[in-house]
Each structure stands twice: as C-alpha cells, then as structure tokens.
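The values are calculated or read from the model by the stated rules, or taken from the named source; none is laboratory data. Owing to the predicted nature of the structure, the values given are computational and were not obtained by experimental measurement. Cβ atoms come from the backbone with ideal geometry, glycine included; neighbour counts cover every protein chain shown.
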Amino acid sequence: MGTRTANMSIYKPAPGETVYDPAFSAGLDNIDSHDHSGAPNKGIPIGTDGIQDGAITPDKLSQEILAEATVQTTDATPTQIASVDVAESQCVTVSGRVVFLRDDTTEAGGGEFWGVFHRPTGSSVQAVGSSVVSINENSSGGPTMQLVADTVNEAVSIRCVGEAGKTIDWHIVYNAVAQPEI
C-alpha cells in the first residue's frame, strides 16, 4: 500500500501499484515540502518588492478583516466615511474603532462603535436595537459617529458628525460579520 506525504497528503503509490516515473514521484516530494525557502526545489520567496502596494486588500481576502477609511468634516452634518452592503435575507454586525483630530490639533478623540442590521426577505435593511458608540474626546462640541440603515442603497452607512466651524480629520478601522456569508 502506498503512502501519503506529510504536509499535503499527496498519495504516493507503493511498488506494484500504479507507478509514476521517478521524476514525477520526486515532484510529489517537492510539492509537499514546498516552503518558499529558496531554489532550486523549494520555490522562491516573494519579497516585499514583489507585492504591489495596495494589491492585498480586504475586498480580495474577506470582509471580516479590518478595513480602513478616512474622511474630513467641516461642520456638524453627518458625513459618510464607509458603507457596508447588506444582502436580502442577511444579518450583519458592523464594529470598529475611530480616532479623530481637529486640523489645528487642539481637540481630539477616539473610541469604539458597533451595530447590528437585518434585511428580511423582500424588505429593506433595518437596525436591530440601538447601535453603540463610545467616544472619549476633549472637544467643546462633542463630535460623534452614527451607524444608520441606508434603505436607498440597502447598506449600513457609517457616518462621522463633526462640529460647526471646525475641520476634523477622521480615521476608522472596521469590519463586518454576516450571516449567511455571501
């Protein structure tokens, strides 16, 4: 009876079974022990310069890893910083962290946010309960964030609310966990 290689469980036939030629059999060993540690039989490591800036993004990997977004507010009008689509018959939890700094650096703040949103079959997205926004800040006007059910785009709109007459730069990292995953 043949054996299976240690790392990838590639089946290698024993003598008397369907036999591969020696070069193919050696190739099976090389595939299994492939560890990117260098030529000639173990591949070539991908160097930092071998990956283009911005090539590996959350959209290409998973919505469940952290994404980043920035926006600038100049008044107290809610301004969208990011949007998370909610498919029909899906529930999504959006969570993240925020940091903000006034342009003259005299005021700042940061905190956390999360909310749950549901889009029933044949209906629009809706908030489940109340979103939680917890911000510590030293501003005179209380900048904050909102998570809003955007029924026009069937999404969760993440919004920053600045202060009248103040320019504030916002930066968030966030993720979304959905059931079912799409």
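Below are the figures for this structure:
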{"read-out": "Test: Glu107 is without any contact (Cβ under 8 Å) to a residue 40 or more places away in the chain and either touching a Lys or Arg at 6+ places or on another chain (Cβ under 9 Å) or closer than 28 Å to Lys166 by Cβ (or both)", "value": "no"}
{"read-out": "Unique residue being crowded, with 18+ Cβ neighbours inside 10 Å, of a type outside the set (D, E, K, R) and at pLDDT 95 or above when the list is Gln90, Gln146", "value": "Gln90"}
{"read-out": "Ser124 among the polar types (S, T, N, Q), touching a residue at least 40 places away in the same chain (Cβ under 8 Å) and in contact with a Ser or Thr (Cβ under 6 Å, 6 or more places away or on another chain)", "value": "no"}
{"read-out": "Sole residue being assigned to a strand (DSSP E or B) and small (Gly, Ala, Ser), chosen from Ser124, Ser95, Ser140", "value": "Ser95"}
{"read-out": "Pair list, Cβ under 8 Å, 6 or more apart: segment 134-154 residue within 14 Å of Ile172 (Cβ to Cβ), other residue in a strand (DSSP E or B) and aromatic (Phe, Trp, Tyr)", "value": "Ser134/Phe113; Pro143/Phe100; Met145/Phe113; Leu147/Phe113; Leu147/Trp114; Leu147/Phe117"}
{"read-out": "Among the candidates Val152, Val161, Val128, Val148, residue that is in the same structural domain as Pro78 (by TED's automatic domain parsing) and in contact with a His (Cβ under 6 Å, 6 or more places away or on another chain)", "value": "Val128"}
{"read-out": "Among the candidates Val128, Val156, Val132, residue that is within 23 Å of the chain's Cα centre (by Cα), surrounded by 14 or more Cβ atoms within 10 Å (Cβ to Cβ) and at pLDDT 95 or above", "value": "Val156"}
{"read-out": "Residues located in segment 144-168, provided they are closer than 18 Å to Gly115 by Cβ and in contact with a Phe, Trp or Tyr (Cβ under 8 Å, 6 or more places away or on another chain)", "value": "Met145, Leu147, Ala149, Val156, Ile158, Cys160"}
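Okay, residues lined up against (1) under 24 Å from the mean Cα position of the chain (by Cα); (2) more than 23 Å from Leu66 (Cα to Cα); (3) in a strand (DSSP E or B):
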residue	(1), (2), (3)
Ala87	yes, no, no
Gly110	yes, no, yes
Trp114	yes, no, yes
Val152	yes, yes, no
Ala164	no, yes, no
Val173	yes, no, yes
